[in-house]
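The structure appears below as structure tokens.
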Amino acid sequence: MTEAAMDGVVLALLERPGTAPGLLAAAGHLAALMGGAGVEPLVVRTPPEATILPSEEVLTAEHAARIRSAEQQRAASLRVAFDHWAARSRAEDAWTSFEAVEGVVGEVLRERGRRADALVLERPSEDGGLLARQDVHTALMDTDRPVLVVPPGHAAPFGRCVAIAWRDDLQATRAVLSALRLQAPERILVLAGQREGARRPVIPDILREHGAEAELQVLPVRRVVFGEALLARAHKHGADLLVMGAYQHSPLREFVLGGVTRFMLAHADLPLLMRH
């Protein structure tokens, strides 16, 4: 399939060979839900000078060679994972050629992500470190694209039962608009929080205006982690994809106060379709 014939491009950031198969499977499934988009793998080899701080040590030629060799081996392992996935994929014409570039991940992701229709990244694991979280932050805040965040090791299909974490704001509206462009699910759940004394939530107008039928689930907002309540309700009703806006507040305020976005990026065990 030529690039012109593809119905969009899904950019998949591949970083760890062990989790690449599941991430590619998720990217392929998202591409199918988009009606036949192409999957574009993105592998970024970190240059030696970006791996250390000037105050830590001197970057000798020998050390730089070791770092570059390790990055080349990682890229080669990711190429093997991609080739295996491509050989098994039914949509043999729905991907672009494999390419590994050298650069700073955030900078490359920002540039390439803005030219894609959607991005797929792995949800940072507990031991993934700050850099993995920064990659997701860059995708959400700097590309203006929907981002599918996939739990480590997740490879199951999704999109049959979609839960929407709804609140009436710009971020949630943009996330829902992105989801409405996908193949229609069998079931849509709207998960909306209600504080004591507040008006009961209703089905969002955006769904009704797009002819999407949905079931409303109202969650009391109490002094507990609301993200935990959202996940529990989504699982209770068999949701396989959670759609939500990202960072209603600034990321710094979310970090200080604790927010739903931060909780989900740390704990969600089902794919998240997010948009800022």
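Of all accessible surface on the chain at a 1.4 Å probe, what whole percent is carbon and sulfur?
Roughly 50 percent of what the probe reaches on the chain is carbon or sulfur.
Of 267, 29, which has the most accessible area and how do the rest follow, probe 1.4 Å?
The ordering from most to least exposed comes out as 267, 29.
Have a look at 188, 67, 52 and tell me which one the Gaussian network model of the chain (Cα, springs below 10 Å) gives the largest fluctuation.
Answer for the Gaussian network model of the chain: 52.
How big is the accessible area of residue 102 in square angstrom, nearest 10, if you roll a 1.4 angstrom probe over the protein chains?
90 Å²
Placing +1 on the Cβ of each Lys and Arg and -1 on the Cβ of each Asp and Glu in the chain, which of 86, 29, 98 has its Cα farthest towards the positive end of the resulting dipole?
Selected residue: 29.
When ligands, DNA and RNA are left out and all protein chains stay put, how many square angstrom of accessible area per residue does the chain have with a 1.4 Å probe?
Here the per-residue accessible area is 52 Å².
Quick check: the angle from helix 61-88's long axis to the longest principal axis of the chain, C-alpha only, nearest 10 degrees?
50 degrees
Relative to the longest principal Cα axis of the chain, at what angle does helix 20-33 sit, 0 to 90 degrees, rounded to 10?
Its long axis makes an angle of about 50 degrees.
Taking the chain as a Gaussian network, Cα atoms linked when under 10 Å apart, which of 244, 264, 141 shows the biggest mean-square fluctuation?
Looking only at 244, 264, 141, the biggest GNM fluctuation is shown by 141.
Of the candidates 86, 234, 64, which one comes out as most mobile in a Gaussian network treatment of the chain with C-alpha springs shorter than 10 Å?
64
Ranked by accessible surface with a 1.4 Å probe, highest first, in what order do 135, 168, 142, 269 come? The partial results should precede the final answer.
Working: 135 15, 168 135, 142 50, 269 85 Å².
Largest accessible area first, the residues go 168, 269, 142, 135.
Ranked highest first by average number of other Cβ atoms within 10 Å, how do 32-38, 159-165 line up?
159-165, 32-38
Which value, in Å² and to the nearest 10, is the accessible area of residue 216 when all protein chains are kept and the probe is 1.4 Å?
50 Å²
The values are calculated or read from the model by the stated rules, or taken from the named source; none is laboratory data. This one's a predicted model, so the numbers in the text were calculated from it and none came from an experiment. Cβ: placed from backbone, ideal geometry, glycine included. Neighbour counts: every protein chain shown. Ligands, DNA and RNA are excluded from the accessible area calculation, which covers all protein heavy atoms including side chains. Shrake-Rupley method; radii C 1.70, N 1.55, O 1.52, S 1.80 Å.
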